[in-house]
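These notes are about the structure you will find just below.
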Amino acid sequence: MKTVIEKLTTDLNRQDQQIIQKAGNIIREGGLVAFPTETVYGLGADGLNPSASRKIYEAKGRPSDNPLILHISCMEDLAKIAANIPPKASKMAKHFWPGPLTMIFQKSGMVPLETTGGLDTVAVRMPSHPVALALIQAGGGYIAAPSANTSGKPSPTMAEHVALDLDGRIPMILDGGAVGIGIESTIVDFSEEIPTILRPGYISQEMIYEVIGEIQLDPGLETENSGISPKAPGMKYKHYAPQGELVLVNGAQEKVQEKINYLVKEAELSGKVAGVIGTDESVDGYHCGIVKSIGTRQDEETIARHLYAILREFDSQNVEVIYSESFLTPKMGRAIMNRLLKAAGHQVIEV
Ligand code: TXA
Ligand code: MG
């Protein structure tokens, strides 16, 4: 299959609208289109069409028990796919939609089990990216979309990343440039008594508390070997991993730098290509290896935005071992570290 890459502007001029209509037709006919959202690129299909959903799993090599998020473009459409909407969830929607929030509800009969990985609940998100919203409307209103990477790889934050993973497997990629946030949406489960965060993201526990009060964190998220499985099936898989081995170093900044410099030298002596992930503030302190800045600690959003791209850059330079600083920043730190720890298979050196 030939993959067509269509470049779009975010002001969606006439020509862009025509491209989106074409993309919407592919979705309506049961096909796949990759598209930008404000978090990461998604791989979209008609989420109410079982065979279209199955194509997503095939293209990504995704385990069939890992459910998809259904993307909508207006509030009225939520009531058709969610069997009941608790008042707190409506409050959340008013506050954070369109935006980087996914909520889980009991599903209605309209949603096929192929889309929910066999579960009787459905994950729903209304993204804010103009291309995503326009495509959802053109595609019939309900687009199932996981991140548009091959299963296990870092999520794509640029159309080029999608093409690297899925070229030849899907008919169209909508290229809306680099995304703004860079890590996936916060997932909040409203299908049980107490609202629970199943995946941390840009919208933090504190921000949610301000809107609805009590909000807990899935206990399966916090510790690696606690014996408790995360409730979101996708959170149990090794994920976001670069080809090289990733190791995090955690502790006081000076000691971290000293340790990473030592580890890189050691890796190079044993003939390995080594990489370092630092920040604008720290990169000058690293003397060997391929050193990259992920962003600045003055603005934690830059760190989230570059996380996946930097992991892919190391892949393209055939780096075999990567040492990274930790980034437990005030707002998005939990989400950033959740992704980094998974990418590192929980290898952390404390100094
Ligand atoms: O920002 C995002 O959410 C991006 C963009 C494209 O919207 N999408 C995304 O989808 O990250 P994906 O498939 O890569 O991650 C969806 C996560 C998985 O961990 C999945 O297990 C979980 O959501 N999930 C989906 N439906 C669920 C359900 N009914 N119950 C529990 N977890 C669910
Ligand atoms: Mg994903």
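The values are calculated or read from the model by the stated rules, or taken from the named source; none is laboratory data. The structure displayed is predicted, hence computed values, not measured ones. Heads up, the Cβs are rebuilt from the backbone with ideal geometry, glycines too, and the neighbour counts pull from every protein chain shown.
Among the residues making up segment 174-222, those that are hydrophobic (A, V, I, L, M, F, W, C) and within 16 Å of ligand 2 (Cβ to nearest atom) are Val179, Ile181, Ile183, Ile187, Leu198, Leu221. Across segment 241-284, the qualifying residues are those that are touching a strand residue (DSSP E or B) at 6+ places or on another chain (Cβ under 9 Å) and hydroxyl-bearing (Ser, Thr, Tyr), and the one among them that is farthest from ligand 2 (Cβ to nearest atom) is Ser282. Scan segment 27-35 and give yes if some residue there is buried (at least 19 other Cβ atoms within 10 Å of the Cβ) and away from ligand 1 (no atom under 15 Å from the Cβ), otherwise no. The answer is yes, given that some residue of segment 27-35 is buried (at least 19 other Cβ atoms within 10 Å of the Cβ) and away from ligand 1 (no atom under 15 Å from the Cβ).
Which ones in segment 279-329 are at positive phi and out of contact with any helix residue (DSSP H, G or I) (no Cβ under 7 Å at 6 or more places or on another chain)?
As a first pass, look at segment 279-329 and keep what is at positive phi: 289, 295, 318.
Within segment 279-329, just Asn318 meets the criteria.
For segment 216-236, which positions are within 15 Å of ligand 1 (Cβ to nearest atom) and either small (Gly, Ala, Ser) or modelled with pLDDT under 75 (or both)? Within segment 216-236, Gly220, Ser229, Ala232, Gly234 meet the criteria.
The residue list Glu192, Glu206, Glu254, Glu210 contains one member that is surrounded by fewer than 15 Cβ atoms within 10 Å (Cβ to Cβ) and either under 18 Å from the mean Cα position of the chain (by Cα) or within 15 Å of ligand 1 (Cβ to nearest atom) (or both), which is Glu192.
From the list Ser73, Ser53, the one residue that fits, being within 16 Å of ligand 2 (Cβ to nearest atom) and either loosely packed, with under 14 Cβ neighbours inside 10 Å or in contact (Cβ under 8 Å) with a residue 24 or more places away in the chain (or both), is Ser53.
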